[in-house]
Every structure is written in structure tokens, then in C-alpha cells.
1. Out of the total accessible area of region 270-331 (probe 1.4 Å, heavy atoms of protein only), what percent is carbon and sulfur?
2. Considering only protein heavy atoms, what per residue accessible area in square angstrom results for region 372-462 with a 1.4 angstrom probe?
3. Ordering 330, 173 by how much accessible area each has at a 1.4 Å probe, largest first, what is the list?
4. Provide the FRET efficiency to the nearest 0.05 for the residue 361-residue 194 pair, computing r from the beta carbons and using R0 = 41 Å.
5. Which stretch or stretches of region 332-367 have amide N atoms under 11 Å from the point lying 7 Å from residue 299's Cα along the Cα→Cβ direction?
6. Enumerate the residues in region 268-309 having an amide nitrogen under 19 Å from the point lying 7 Å beyond the Cα of residue 378 toward its Cβ.
7. So, for region 181-224, what is the accessible surface per residue at a probe of 1.4 Å, expressed in square angstrom?
8. Could you tell me the calculated FRET efficiency between residue 233 and residue 336, based on Cβ-Cβ distance and R0 = 25 angstrom, to the nearest 0.05?
Amino acid sequence: MKMSFHGLSQSLVESGKWVYVENNAKTIASIPRSFSAESADEMTIHKTQSSSNSCEPPSLCSANEIQVDGQEDDIKKPDATAIPDDFICPISLELMRDPVIVSTGQTYERSYIQRWIDCGNKTCPKTQQKLLYLTLTPNYVLRSLITRWCINNNIGHPTELTNGKIKKSDGSFRDISGDIATIQALVRQLSSRSTEERRAAATEIRSLSKRSTDNRILLAEAGAIPVLVNLITTEDGLTQENAVTSILNLSIYENNKGLIMLAGAVPSIVQVLRAGSMEVKENAAATLFSLSLADENKIIIGASGAIPALVELLQNGSTRGKKDAATALFNLCIYQGNKGRAVRAGIVKPLLKMLIDSSNCMVDEALTIMSVLANHQEAKVTIVKAGTIPVLIDLLRRGLPRNKENATAILLALCKRDTESLACISRLGAIIPLTELTKSGTERAKRKATSLLVHLRKLQQL
């Protein structure tokens, strides 16, 4: 699927909007607010990360002066290949290796923006807007796109492990043998007969895995993934929580996805998605999203029984759980074969409830998922039978611009080769709001509204 970037939903906040890792180190990715199966190339993404270095007093620190310890291994711009603007950190002007989002929606390299914040700055370097909160939100999707771009353009990955050393982009190596020894000891401790020792090791690995890419590489090299997968279904609740979250954190590194799948993690993740604590369910859903970013994994995860469990979380989970489930379901349903599974699992009912409930903060998410489903015949029939058309037309009148855009796209998909639904739209007075949308809507909304009006006029001529 081809993707480009223009603007990001700023709903990626720690309070539960598109949250993907544990508190204080969350990996978050957003369903774009105006996304349909046919407009995948309009998708928008951002991402975030952290670093803790001492700095000069705030008055002496500015974006141009930021220097972070250990940053000499950052990727340099290749001479022959132009780096996409969205992949470049606005502070360092270099290709990002661990992009993060701040509260204004801007994306930066974690270490640089963390240094900026640590120096006492409370504004966004690019927009100069006040940062409403200082949480850095990793955007795993953008990181994945950067990694794929690097591979396609034969640009080296920012870190490579060789003989106990991390290779930097300049070809030199940094000795990490001490870190390796510590991590190997922790991995051995995961297999201890003592519940307390296993719990302590899982807790420490969870902490390490959220801190840096290097740690994620080292933990995988030390064989942590298969052992953690075995602990996902342990009876000890805290160990289970830390194991699931560690797997989630480890999956942020692209190469670890395959190792997690090879370790047979999906059945165990689905098991705790059904029966774990709420936090375990949240992070299990987030892990499935992360893994499903690889297209081949969408098929495996869809066939694993994950979709009904995700629909259940979407309907009855916590606020964050619903967000996590929505994101995972959205990504899984990009694969055509999973759309029918989602419909048969009852996804339309909770989506419609989200659209109707005025106090619900998930209208955008519901519309986005429905727009992906609407081109599937079984989903189309179910959406219409559920009485969704009047709700969509109401959104044309009172919704935000992005709501109107997706509502129009869904209506157009529902009415293609369906004169009954087209007649229903006409009876419900959709022509006036659609006409207004052709004048004042977003560019995509104008196109969809114009196309839908053409169908309505043809119907009137019959």
C-alpha cells in the first residue's frame, strides 16, 4: 500500500487515544481521520521517542545548540538519494531513526526533542506553540516506513550488532559487551523456577525494551523473544503483563516482527486478549496492530481468531482498550479477507453506536473503519441493514469536515449499484448537504459528494 503524508490527527495522547505501549513509554499510531480503502495514499503518520541527558540551563539551550551524547551514530543523509521531507527531523535535519510526536502533532527525533524538553523548553520548536503535555508518542508506523525506505534505497539501518559491538552509520563500532552480559543474565532469569525472579526479570526487560532501539536489538539477540512468548500465558498476572508489554516494545524494531511471529506469539496474544486483565488486553491489541503492519501477518492474525476478541474489546473495553482495538481492526481490515471476519464478529454494531453516541469520542475512528469496510459486499449489506444511512446523512449536516468527508465516502460506496440505498439517501434529504459539501468541503469530500450527486440525479431521471 502506497502512503504519503500530509497532516496528522493530534488525538495521539497518553490519555488513551491510539495508545500502544505501557504508560510512560507508549508506542502510538493513528488511524488517519480521513482514510478509506481507496485513499490509502492519503494516509498521515507521525512518531516519537526519549532520551535523558543533562543539559545547560534552559536559557542557554536552544534547538540549534542541541547535542546529544551518543548521537554520532545517527543516520546521515545519503548523497544520491533525496530523503522524503516527512522522514527528516526538523531539529537535526537528518533522517529520523526513532521519530516521536509532541502535543502539537509535529514529529521529531526522540533524542533531540527530549533534549529540548530537558533544557526547560515548553514550546514546539517548529510551531512555537505551547506543549500541552510533554509525553513523547512513538509513531511505529512512520518508523516502519522509514525502515522500508532505507531498505529500498540500500541505506544502512541505524544500528547493527556485530561481535558485541553496535555498528554506527560512519562504520565505526561502539562496545556494548557490558550491556550484552546484563541482558543475557536477565533472559536466563526469565526461565528461573522462582516466580519472583521471573517477575523481576520481566519487569526489567519491559523497562529496557521501551528505552531504545539498541536494547530491542540486544534483547532479541539474547533470545528473549521465545522466552517472553512462553510467559504470556503464565498464571502470574504481573509477569504476564510485563511479558506482553515487552513483546509489544520489542516489535517496534522492524526485524523483531519476524522473530515474534516465528516464536508463535499470536495464539498466546489472542488468548490473553480474550481473558487477560484490561491492561493486558490493551497491550495485546496494540501488539497485534504492530505485527499486522507487515502485510503477510494480516492474514495469519486474521485467521487466528483475533478479530472477534478485538471486536469484543472495541465494544466493552476501557477507553484506551477501545482505541487500541479500533486501530488493530482498522489495519487488519485493510486485507480484504479480514473484512468478512470482522462483519461476522459483529463489528458494525459497536461502530454504529460510536457514531450515534454524542458523548463518544470515537466518531472519527468508527467512520474510518467503516470506510474501509464499505467496499466489501457482506459489510455493505450489514451496514445498510443496521440503519446506518440516516446517521451518516446527519453527520453530513453537523459533523466536522473530516467526518463529512468519510461519511460521504461511505455513502457513495454503499450506493454503488444499489438503487434502493440511493433512493433512501434521496428521501432523507441528502442532496442539500451534499451540494454544500461540493462547495465548502475538503478536496476529497468535494469529489465524493459530486460523484454521489451524479448518481442521485440519474436516479431522478429514471
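The values are calculated or read from the model by the stated rules, or taken from the named source; none is laboratory data. If you're wondering where the values come from, they're calculated on a predicted model, not measured in any experiment. Heads up, the Cβs are rebuilt from the backbone with ideal geometry, glycines too, and the neighbour counts pull from every protein chain shown. Note: accessible area is taken over every heavy atom of the protein model, side chains too, but ligands, DNA and RNA are not part of it. Shrake-Rupley method; radii C 1.70, N 1.55, O 1.52, S 1.80 Å.
1. Result for region 270-331: 50 percent of the exposed heavy-atom area is carbon or sulfur.
2. Value returned for region 372-462: 50 Å² of accessible area per residue.
3. 173, 330
4. Efficiency, rounded to the nearest 0.05: 0.40.
5. Counting backbone N atoms under 11 Å from the label point, the list is 337.
6. 298-309
7. Heavy-atom accessible area per residue stands at 46 Å².
8. Working: r = 31 Å, r/R0 = 1.25.
Step by step, r from the Cβ atoms, then E = 0.20.
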